[in-house]
1. For a label point 7 Å from the Cα of N328 along Cα→C-beta, name the residues of the stretch 32-75 whose backbone N is under 12 Å from it.
2. As a test question: what accessible area, to the nearest 10 Å², does E160 have when a 1.4 Å probe is rolled over all protein chains in place?
3. Carbon-plus-sulfur fraction of the accessible area of the chain, 1.4 Å probe, in percent?
4. Springs between alpha-carbon atoms under 10 Å, Gaussian network over the chain: tell me which of N192, N13, N158 tops the mean-square fluctuations.
5. Which of rounded, prolate or oblate describes the chain when judged by the alpha-carbon gyration tensor and an a/c cut-off of 1.5?
6. State which entries of K204/K269; K133/K188; K180/K301; K39/K75 exceed 28 angstrom in Cα-Cα distance in the structure shown.
7. Would you calculate the separation in nanometres between label points at A292 and R132, each defined as 7 Å from the Cα along the Cα-to-beta-carbon direction?
8. Please arrange I233, I36 by accessible surface area, largest first, computed with a 1.4 Å probe and ligands excluded.
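The values are calculated or read from the model by the stated rules, or taken from the named source; none is laboratory data. Just so it is clear, the model here is predicted, and its values are computed rather than measured. No Cβ is skipped: glycine too gets one built from the backbone with ideal geometry, and neighbour counts run over all protein chains shown. Keep in mind that these areas ignore ligands, DNA and RNA; they rest on the heavy atoms of the full protein, side chains included. Shrake-Rupley method; radii C 1.70, N 1.55, O 1.52, S 1.80 Å.
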Amino acid sequence: MSSEVINTSTNFNDLGLAEPILRAINDAGYTTPTPIQAKAIPQVLSGGDLLAGAQTGTGKTAGFTLPILHILSQKPVTDLSKGRPRCLMLTPTRELAAQIEESVKTYGKYLPLTSTVIFGGVNINPQISRLRKPLDILVATPGRLLDLMSQNCVSLANIEILVLDEADRMLDMGFLRDIKKILAALPKQRQNLLFSATFSTEIKALADGLLNSPALIEVARSNSTNEAIAQLIHPVDRNQKHPLLAHLIKSNQWQQVLVFTRTKHGANKLVTQLEKDGITAMAIHGNKSQSARTKALAEFKDGKITVLVATDIAARGIDIDQLPHVVNYDL
């Protein structure tokens, strides 16, 4: 596995992206790329494979969506076959998939490219209908993608670029077998981009089998802490956790608090306890319907509820700018 030194840039205009993409970036209010974007964008534009160590919140989604939009827009296909996307972005959770496709739409709004997102937990029929139309970019979770492939609703024969996002989380969630089935359906000649917060032995094995002489970039190394965040620990008995949390929220007048719990049951119980204390709260986890999860996230972002309680897996992909308070309720 080769590692290259990649020049970083301080301005999106210096990265070689097409003018319609720069206009969309400007509309979104961004001028300076994050470190992962400055490193990843030139590498992806070069057409080479990439192994990137980057955590949620580093700006990695734009790090791959921007250059992919550029590449696809520079090679327009006049005859886009139905159900045969040119780019596949695989990701572990529904929330992350929805967020990535939102990013594709935001940055590609001045381009004639088409995209859609597919994931489980919602009606499959609208997804089947959408796949009957031409498509450039498909964002998907592994299980639903395999369902649609088995029904011959989507073909991966035309894939030019593959993105595996949050690869470590996909392996944690038991998707390795699904991923291997999906990889087997892809053309041999393609560009591969793998993003992972950690590089375990399993991730390295996956990367070795998938990537061809990749550039290696890492930002915000795993196990490091963000120096811009003040971190406090309150050692407290289990039965005092909820009263302490309620006290901290009320006495400090916290308005937006994301709380991580270990279990779905624990998340539901905490929401009930906080509501009794007059603190508005909602939970998101795997047992909640997709519409309930989307509603809870939207109301939390809009400030309509004070506390969003999430299990770790459900919380992957939640990206809230300037989120003031995060509480790890169960260590």
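1. Residues passing the 12 Å test: none.
2. Surface open to solvent at E160 totals about 50 Å².
3. Whole-percent figure for carbon plus sulfur exposure: 48.
4. Among N192, N13, N158, the largest mean-square fluctuation in the Gaussian network model of the chain belongs to N13.
5. In terms of gyration-tensor shape, prolate.
6. K204/K269; K180/K301
7. 3.2
8. Largest accessible area first, the residues go I233, I36.
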